[in-house]
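Every number in this text was worked out from the coordinates using simple rules, so none of it is lab data. All values derive from a computational prediction rather than experimental measurement. Cβ atoms come from the backbone with ideal geometry, glycine included; neighbour counts cover every protein chain shown.
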Amino acid sequence: MLEGPALPWKVIKLGLIGSTQEKAREYLASGHGAGTVIVAAGQTYGSGRRGRSWHSPKGGLYMTASLRPVGEVGLVPLMGGVAVAETIRAMANIDAALKWPNDILIGGKKVGGVLAESGWAGSKIKHVLLGVGVNLNNPAPYWLPEATSLSEELGRLVDVESFLDILLETLDRYIPFLESRPELILSSWKEMSQTLGRMVEVTDVDGEAISGLAVDVAPDGSLLVESGGMIRQVVSGVLELR
Ligand code: BTN
């Protein structure tokens, strides 16, 4: 049973900056360790997965938390997605869903994303940066028809500070599970999954496209796809639902 917060969070709130990921790296380099959370009012070059950019005007939540690399690091992005989806449910009573590995969806449209970045010392991971971007009061980018924002879904504005507080509390609950009960992270993810049981096409890191039925997520967070009578394991990639 968990007692108390996993980390004493040290939240640093900034205005318009380049990217909270970049700022978190700078803070780590200057001795601010695990538990440091960088929050920005907006970002000029927010980064997304696979080298994409993350549109970050004022009104959204943009944060990066520095975590100790405990337990199964491959589950950090899934845990981030679960925590954001639970926060949306708690704040707005809306059923958010998850698309592998860590897109947060409302009604099939992307409302938020998670970026997990490991910092290495030789062959050991020394920290993990968990970046979270959620469209809250900012309109979703008009050029992405498959995107939405929480305020557009609710028809009202959302309190960004409260969202951050609940998200950090939720992360506090889940972080110890990385080490002690990873199956709880996986079961929460599966419960909110919009991927499992669906036909998907995943393009892996080498650019290979695998089409098939998403059957499960392995204990390390990789996706298991049944394709051509075989089970293929995809560690990282871009997924489209068919
Ligand atoms: C994705 O591609 O879905 C992940 C997007 C992650 C964006 C967040 S916003 C806060 C943090 N800082 C960044 O530059 N990126 C992440």
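Which number comes out as Rg/Rh for the range 81-137 once both Rg and the Kirkwood Rh are worked out on C-alpha atoms? Walk me through the numbers on the way to the answer.
Values: Rg = 13.7 Å, Rh = 12.3 Å.
On the Cα set of the range 81-137, Rg over Rh gives 1.11.
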Sparse-neighbour loop sites [chymotrypsin sites (Phe, Trp or Tyr not before Pro); the range 71-143; at most 15 other C-beta within 10 Å; DSSP]: 142, 143
Projected convex hull area of the range 129-219, Cα atoms, direction-averaged, in nm², equals 8.5 nm²
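Can you pull out the trypsin sites (Lys or Arg not before Pro) in the range 25-111 that DSSP calls coil and that have at most 12 other Cβ atoms within 10 Å?
Values: sites: 25, 49, 50, 52, 58, 89, 99, 109, 110; in loops: 52, 58.
Taking the range 25-111 and a limit of 12 other Cβ atoms within 10 Å, the loop trypsin sites (Lys or Arg not before Pro) found are 52.
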Principal axis box of the chain, alpha-carbon based, largest edge first, Å: 51, 44, 36
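About its Cα centre, how strong a charge dipole does the chain have in debye, to the nearest 20, once Lys and Arg get +1 and Asp and Glu get -1 at the Cβ?
Details: 22 positive and 27 negative charges, 101 e Å.
That gives a dipole near 480 debye.
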Would you mind estimating how fast the range 75-196 diffuses translationally, via Stokes-Einstein at 4 °C and 1.567 mPa s with the Kirkwood radius over Cα pairs, in µm²/s? 87 µm²/s
Residue with peak Gaussian network fluctuation, the chain [Cα springs, cutoff 10 Å], from 35, 122, 15: 122
Of 10/99; 58/109; 124/190; 23/126; 23/58; 23/190, those spanning more than 24 Å from alpha-carbon to alpha-carbon: 10/99; 124/190; 23/190
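How much mean residue ellipticity at 222 nm does the chain get from its helices, if each DSSP H run of length 4 or more adds -39500 (n - 2.57) and you divide by all residues, to the nearest 500 deg cm²/dmol? Mind showing how you got there, number by number?
Working: 6 runs with 61 residues, N = 242.
So the calculated ellipticity at 222 nm is -7500 deg cm²/dmol.
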If you keep only loop residues by DSSP, which GluC sites (Glu not before Pro) in the range 1-68 have at most 14 other Cβ atoms within 10 Å of their Cβ? 3
Treating only the Cα positions of the range 51-125 as identical point scatterers, give the base-10 log of I(q)/I(0) from the Debye formula at each q in 0.20, 0.24, 0.25 Å⁻¹. -0.96, -1.23, -1.28
